[in-house]
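*Asks:* This is the structure I have questions about; it appears just below.
Only the coordinates and a few stated rules stand behind these numbers; no lab work does. Quantities reported herein were computed from a predicted structural model and do not represent experimental measurements. Here Cβ is always computed from backbone atoms with ideal geometry, including for glycine, and neighbour counts include all displayed protein chains.
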């Protein structure tokens, strides 16, 4: 039953017992469930990081997978918990918008509010809905429960609005949207802004630092170790990196740092 | 065979090859075993942290699960290794007490000393009993070996004694027993100490800091971001937290920091 | 089908979505694959750390396991990707040598270059061959694809040369080859250098620090907490450790720090 593939993405870390408790609850309901860790290192309550993480990982999973996401600044308030389904994705997630930037297709997702307490743990704490609501609901879904039994269809939910890059007369303005484990800076500026092929004349500004003559490469290792390079990220946007080093540290940049890509003289 | 669910909790970290070697040993003996990570981020040799972790996670697992715990300051000495069973829990663990604060029920656990070398790896190193004894024993148990074949029943073992909160004329005295990944301070003072409902007049002292007018909430997000709040932890004790922040950092508190909850004037 | 056991070892960390994407790709091709994390905490691009990690973990797995290793300073260049098989091990790994210090036996490994694009993702990025080549190839192999279909047999590949200890008139000279999560210093000097039993007269030098009268033990806990001890590592080499503490911090030592073990007066 491939249906029993359940993934976990949280900001719990692994020094705390929260992830372990969730796994136990799922497996008590469905001992055959296969629970897969995606990450427990989402920075605490960081919805933007979560949104990038989900967009860069969930679409690679088979449609039968059920993804539990617990990054939940509003735990314990009356924010709803949701089951979301569409375009080959199935999620259980608090209503905080981090899932809304996934590719839901033209039809949009089916969204159901988790209200049927018979699929929850008998006692629900105020601070740990991941263990007491999302995990047991996942267990029941993996056993074949019809999602429509979980609660009413929702027609409204919180949408995460992420900063978008914009094009002006001088070129593109955007920002760093993700810094990966290696310190690579992944911006939100579309790679097309670079022209084909990108020119070394093109100036990139990261924060206050003007990078003249940046080397445009297809991959990090084309440059010598320590070289600052620009390339197309695996997300299809402009990326600034240091081969075998950290561009984040070198340029003192982080999520939200402004980035500009200048228009070349004479370029339309 | 749901019996083949084996969980791992260690202080090994994931930069070292020790966890990987244990997984390999289990799966060489039982290729169908499902090995689940609970945590490898228990602080090195920290039995108190391990005890809290186990109590907050193992009871959520199905009874068929077999839990390997390797937090083992005494590795290589003649401290025994134990199989422990009771009240729906099955453990493999060094005799260091970290498991004794789990709820074993009135009957108490069945404890067996691992002495039968035929269930161990042929060569046993002095420094890595997790790989050479606990992992192969887990593999054999998951294949249906009777625990009584592993060695003699033990009647004595080390008990971990954790500091307990006490009630005096001025109120409750206790301490921080766990700091979670978010910096929330989970004390050992029973939530009942707060009264129902808790009063904002009630003074909480963390270390040397008197928290007057602390806001008592059901969950973090009831207060504005950055607010210091008190609540009932998921462990049923008094918890001090900062909404979307770290109470540990704000109050410079850690495990063992004294906490007092004052009696209200006129309160019995 | 035990064939479907696939392990993952990377330097990706878990804050980035890269590991999750690889798991998704494998499971989309083979939903029944069991994907096991070995580590995602290999220090970035550190081939020596990876080599030690692999040697201390992979040999414990059953021969049917397929191990994906992504520590890949050359991603995006034309360095080949390899399938390697022999002596009970099966690997998918970039051609960077980190796997060459595993025990391949007298016959040596069968090495195949991954060149057949029909087993890759349809679009291959320049920066993420783990997701676009290694993960799909692993999925197909786990479904029973003959490795010879993946590409031509290779007869040449990069070999990692690790510093070796040497014996001279004054004793052994070597270095720290691995520092584990506890701060234990695992050297490359064979344990035989110590004599049997090791003598407290034998001087060990770590960096510039002469350790006279070091206590030779079988395991950390034979000494009092905080004591500096020498012992035989689980890799069969000289190890310097602090019981319940960090020798790396105490001696300010790291990978590459020179270590000498002196000959005793009168010793051959």
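*Asks:* Specify the residue with the greatest mean-square fluctuation among A:192, A:65, A:235, computed from a Gaussian network of chain A linking alpha-carbon atoms under 10 Å apart.
*Replies:* In the Gaussian network model the winner is A:192.
*Asks:* Grab the beta carbon distance between residue C:199 and residue C:160, set R0 = 25 Å, and tell me the FRET efficiency rounded to 0.05.
*Replies:* The value I calculate is 0.10.
*Asks:* Ok, one more. Rounded, prolate or oblate: which fits the range C:1-125 when a ≥ b ≥ c are the square roots of the eigenvalues of the alpha-carbon gyration tensor, with rounded for a/c under 1.5 and prolate only if a/b beats b/c?
*Replies:* Rounded shape, in that the Cα axes give a/c under 1.5.
*Asks:* What are the label-to-label distances in nm, one decimal and shortest first, from residue A:149 to the same spot in the other copies, with labels 7 Å along Cα to Cβ?
*Replies:* Spacings between copies for this position, smallest first, are 4.1, 4.1 nm.
*Asks:* Calculate the tail of P(r) for chain B: the fraction of all Cα-Cα distances greater than 27 Å, expressed in %. Can you show the working numbers first?
*Replies:* Details: 16212 of 35778 pairs.
Everything past 27 Å amounts to 45 percent.
*Asks:* May I ask you to list the residues of the range C:87-123 whose amide nitrogen lies under 18 Å from a point 7 Å from Cα along the Cα→beta-carbon direction of residue C:153?
*Replies:* C:87-91, C:104-116
*Asks:* Let me ask you something else. Helix C:18-29 versus the longest principal axis of chain C: what is the Cα-based angle in degrees, 0 to 90, to the nearest 10?
*Replies:* Approximately 40 degrees, to the nearest 10.
*Asks:* When a footprinting reagent is the concern and you count Cβ atoms within 10 Å, what order do A:199, C:4 take, fewest first?
*Replies:* Listed from fewest to most nearby Cβ atoms, that is A:199, C:4.
*Asks:* Between copies, how close do the residue B:118 label points come, placed 7 Å along Cα→Cβ, listed in nm from shortest?
*Replies:* Nearest to farthest, the other copies are at 5.2, 5.2 nm.
*Asks:* In deg cm²/dmol, rounded to 500, what helix-only [θ] at 222 nm does chain A give when every DSSP H run of at least 4 residues adds -39500 (n - 2.57) and the total is split over its residues?
*Replies:* -3500 deg cm²/dmol
*Asks:* Moving on. Only Cα pairs under 8 Å and at least 6 apart count here; give the relative contact order of chain B as a rounded whole percent. Please list the in-between numbers first.
*Replies:* Values: 547 pairs, mean separation 41.2, N = 268.
Relative CO of chain B lands at 15 percent.
*Asks:* Taking only the Cα atoms of the protein assembly as shown, how large is their convex hull per residue, in Å³?
*Replies:* Roughly 192 Å³ of hull volume per residue.
*Asks:* Let me ask you something else. For residue C:197, place a label point 7 Å from Cα along the Cα-to-Cβ direction in every copy; what are the distances to the other copies, in nm, shortest first?
*Replies:* 6.8, 6.9
*Asks:* Calculate the spin-label point distance for residue B:143 paired with residue C:110, positioning each point 7 Å from the Cα along the beta-carbon direction, and give it in nanometres.
*Replies:* Distance between label points: 2.7 nm.
*Asks:* Just to confirm my numbers, what's the Cα centroid distance between the range C:109-170 and the range C:201-252 in Å?
*Replies:* 38
*Asks:* In nanometres, what is the gap between the two model label sites at residue A:167 and residue C:210, each 7 Å from Cα along Cα-to-Cβ?
*Replies:* 7.2
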